[in-house]
Amino acid sequence: MIYDSQPITFQQLCKTIDLLHTCIDNYPYAYDIKNDYYYISPSALQRFKIPDNAFHEVIHTHKLFVYPPDLDNFQKEFQELLSGQKNFQNTQYRWIDSDGDPVWINCRSYIVEENNTPAYMIGCINEIGTKQKADNISGLLGESSLKGYLQEFYPLFPSGYLLRLGIDDFKGINEKLGVEYGDRLLRRIAECISSCILPNQKLYRIVADEFMVLDFSGEGLESAASLYRQIRQTIDSFVEENQYEAVFTISGGILESSNVEEFSFSDIMKLSEFALNEAKRRGKNQCYSFIQADYDNFIKRRKLKQVLRQAVCNNFKGFEAYFQPLFHTDTHTLYGAETLMRFRSEEFGMISPAEFIPVLEETGLIIPLGRWILHQALQACQKVRQWIPNFQITVNVSYIQIMKSNIINEIVSAIEEYDIPASQVVIELTESGAIESDTHFSKMWDKLKANGIRLALDDFGTGYSNFQYLYDLQPDIIKIDRSFTAKALKNEYEYNLLNLMSGLVHNLDLKICIEGIETEDERNRMQELSPDYSQGFFFGRPCPFEQFIEQFVK
């Protein structure tokens, strides 16, 4: 490009960039080809891993902040411009940001010629991977605008709160009625929320079906909860007016500004997301106010997941099999043991099974660990049979293992490997995990019984479908949970109920085991119910295998 009038100087270009950089979001730049000198908006220094906003040796210096896989493409394009093969560039590649992560940018530039010779390159870098500042679907400003607004106050926010709102199960609406309908619905939802917003409050759509309300007027939790209730009532009215074409609810998470005074934007989003997720976890269609102790427990649980995963990958380091003795009620003789899992880590110490077992089930780690504890149990049984030939070993199996692994075949194979009679192995399932007696589960349960393996139903008396489970699963042994036992010891009605249950179980030709017996008086009282087996701290606490041998076997 050739100018007939007096050409602009490179210094003037740099001066113009300095004047513009505080007014625009993009990063204009200029390149003096003859002197190999590059000048970019000073604001690029805060965003990208560039050594300075002005530098020489341009191609070489770009190697410091162009994402390595895109470097060849950048150099090729740059050389074509310098050689005159083209005088305009519009290409996409990645730069490295100040955190070391790749960021997609679009680079547009053209060549300014003097005397038919390329003199300058003028261009602009635009980020193309950033979140939108506004959302045309809801008609609201977006997360990027929210971030910009909050940065005006950083690091000290005025007194007030942030209310993060999320539509419950919105994905189901998109799947049932289509994405276009979902977009129209989001606009109507945004209108419902906006109708509740006061002039001193701000509303943003931050992601998918979530919104954020900011109120820095000094109001607290009570005001935030009141606003949520108003929004929920407005949403309920809209659903009714829409003739229940799409039925949905809305949950909310409240974060007081005092909780986020010293945090970055990412921390603000993280804490508010936790508050909203906690509201959904507690049943949805409700509001939860951020509590630091709850968040600390959440972080601890997340850390525990990591520790458990590392332990499993490190040959189950920290896990140990414990054994609790099982006794015949009438003869008071040892007949078997229940295998229990214990875990100790350097960071947390000894962790209760009530804490780590649910995490194992949630993450699926219960599958490899269940396989591990199975072999620990059968190996122990094999050794004890030297002293007690008819010794029975009980192994707990999670419904996650049943539904998501090949645990049935693994059990059968392991029994053959350790040469143990199948009738001396008892597989115990917690009733609460039977999930409505799923037919797939029942078929696999039948396969165990077909192989002669005995089945025990644990925690009987704690659920709501006990007798249905008896019919569907037809276990060999019913185990009465400690919580039921404790009630029966204190309440005559509960005791009579347990007595009736015991009679029913025996009439079905099943065995009954009463768990949780801790004192001699409790044993004597429960013995009147004629249980077949007894278990509890009175008879012996769970312990490592060697201790079990010395204390109960030898």
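The values are calculated or read from the model by the stated rules, or taken from the named source; none is laboratory data. Since the model is a prediction, treat every value here as computed from it, not as a measurement. Glycine also receives a Cβ, built like all others from the backbone with ideal geometry; neighbour counts cover every protein chain displayed. Each accessible area value is taken on the protein alone, full model and side chains, heavy atoms only, with ligands, DNA and RNA left out. Shrake-Rupley method; radii C 1.70, N 1.55, O 1.52, S 1.80 Å.
With the cut-off at 21 Å, report for segment 18-155 the share of all Cα pairs above it, as a whole percent. Tail of the P(r) past 21 Å holds 46 percent of the pairs. Length, then width, then depth: along the principal axes, the Cα atoms of segment 472-554 run 39, 31, 18 Å.
Rounded to the nearest angstrom and ordered from largest down, what semi-axes does the equivalent ellipsoid of segment 323-374 get from its C-alpha gyration tensor (root of 5λ)? Walk me through the intermediate numbers first.
On the way: eigenvalues 160, 38, 17 Å².
For segment 323-374, the ellipsoid semi-axes come out as 28, 14, 9 Å.
For M403, M501, give me the order by solvent-accessible area with a 1.4 Å probe, most accessible first, ignoring ligands, DNA and RNA. Present the calculation step by step, with values, prior to reporting the outcome.
Details: M403 55, M501 20 Å².
Listed by decreasing accessible area, they come as M403, M501.
Qualifying chymotrypsin sites (Phe, Trp or Tyr not before Pro) in segment 252-281, where qualification requires a DSSP coil assignment and no more than 11 other C-beta atoms within 10 Å, are lacking entirely. Under 11 Å from a point 7 Å along the Cα-to-Cβ line of N451: which residues of segment 349-384 have their amide N that close? Answer for this model: none.
Dimensions of segment 24-91 along the principal axes, based on C-alpha atoms and rounded to the nearest Å, stand at 33, 27, 23, largest first. Along segment 539-554 the Karplus relation, 6.51 cos²θ - 1.76 cosθ + 1.60 evaluated at θ = phi - 60°, assigns HN-Hα couplings of 8, x, 8, x, 8, x, 4, 4, 5, 4, 4, 5, 7, 10, 9, 6 Hz to successive residues, with x for each Gly and Pro. Directionally averaged projected area (the chain, Cα convex hull): 36.9 nm². For segment 249-349, the calculated P(r) over all alpha carbon pairs, in 10 Å bins from 0 to the bin holding the longest distance, is 13, 26, 20, 21, 12, 6, 2 percent.
For the residue pairs K280/K443; K270/K300; K383/K404, the C-alpha atoms sit more than 24 angstrom apart in K280/K443; K383/K404. I want the antiparallel fraction of DSSP beta bridges within the chain, as a percent rounded to 5. In the chain, approximately 75 percent of DSSP beta bridges are antiparallel ones.
Give me the one-decimal Kirkwood hydrodynamic radius in Å for segment 355-418, with the sum taken over alpha-carbon pairs. It would help to have the intermediate numbers written out before the result.
Working: mean 1/r = 0.0797 Å⁻¹.
Here the Kirkwood hydrodynamic radius works out to 12.5 Å.
For segment 260-299, the Kirkwood hydrodynamic radius from C-alpha pairs, put into Stokes-Einstein at 37 °C and a viscosity of 0.692 mPa s, yields a diffusion coefficient of 310 µm² per second.
Gain in length, Q386 to F348, computed as 0.36 nm per residue apart minus the alpha-carbon separation, to one decimal in nm? Numbers along the way, then the final one.
Values: separation 38, 0.36 × 38 = 13.68 nm, distance 3.74 nm.
Extra length available between Q386 and F348 comes to 9.9 nm.
In order along segment 365-380, the Karplus-derived 3J(HN,Hα) couplings, from 6.51 cos²θ - 1.76 cosθ + 1.60 at θ = phi - 60°, round to 5, 5, 5, x, 6, x, 5, 5, 5, 4, 5, 4, 5, 5, 5, 5 Hz, and Gly and Pro are given as x. Separation of segment 313-350 and segment 32-110, taken as the distance between their Cα centroids, equals 62 angstrom. Taking the Cα atoms of segment 140-250, the ratio Rg/Rh between the radius of gyration and the Kirkwood radius comes to 1.00. Here the calculated FRET efficiency for D99 and E417, from their Cβ-Cβ distance with R0 = 51 Å, stands at 0.50, rounded to the nearest 0.05. Share of pairwise Cα-Cα distances greater than 13 Å in segment 290-354 is 72 percent (whole percent). Please go through segment 42-87 and write out the trypsin sites (Lys or Arg not before Pro) that DSSP classes as loop and that have at most 13 other C-beta atoms within 10 Å. Passing both the DSSP loop test and the Cβ count: K63, K86. Across segment 301-403, the convex hull enclosing all Cα atoms gives 115 Å³ per residue.
If R₀ is 56 angstrom, what is the calculated FRET efficiency for the pair Q306 and K34, using the beta carbon separation as r and rounding to 0.05? Spell out each step's value before the answer.
Details: r = 56 Å, r/R0 = 1.00.
After rounding, the FRET efficiency stands at 0.50.
The largest accessible area among L326, L19 belongs to the first residue in L19, L326, and the rest follow in falling order (1.4 Å probe, all chains). Of the chymotrypsin sites (Phe, Trp or Tyr not before Pro) found in segment 74-173, those that fall in a DSSP loop while having at most 16 other beta-carbon atoms within 10 Å are F153. Rolling a 1.4 Å probe across the protein heavy atoms gives segment 1-84 an accessible surface of 59 Å² per residue.
Tell me, what % of the accessible area of the chain is carbon and sulfur with a 1.4 angstrom probe? Please list the in-between numbers first.
Details: 13210 of 28000 Å².
For the chain, the apolar C and S fraction of the accessible surface comes to 47 percent.
Considering segment 83-169 at the alpha-carbon level, its Rg and Dmax are found to be 20.3, 66 Å.
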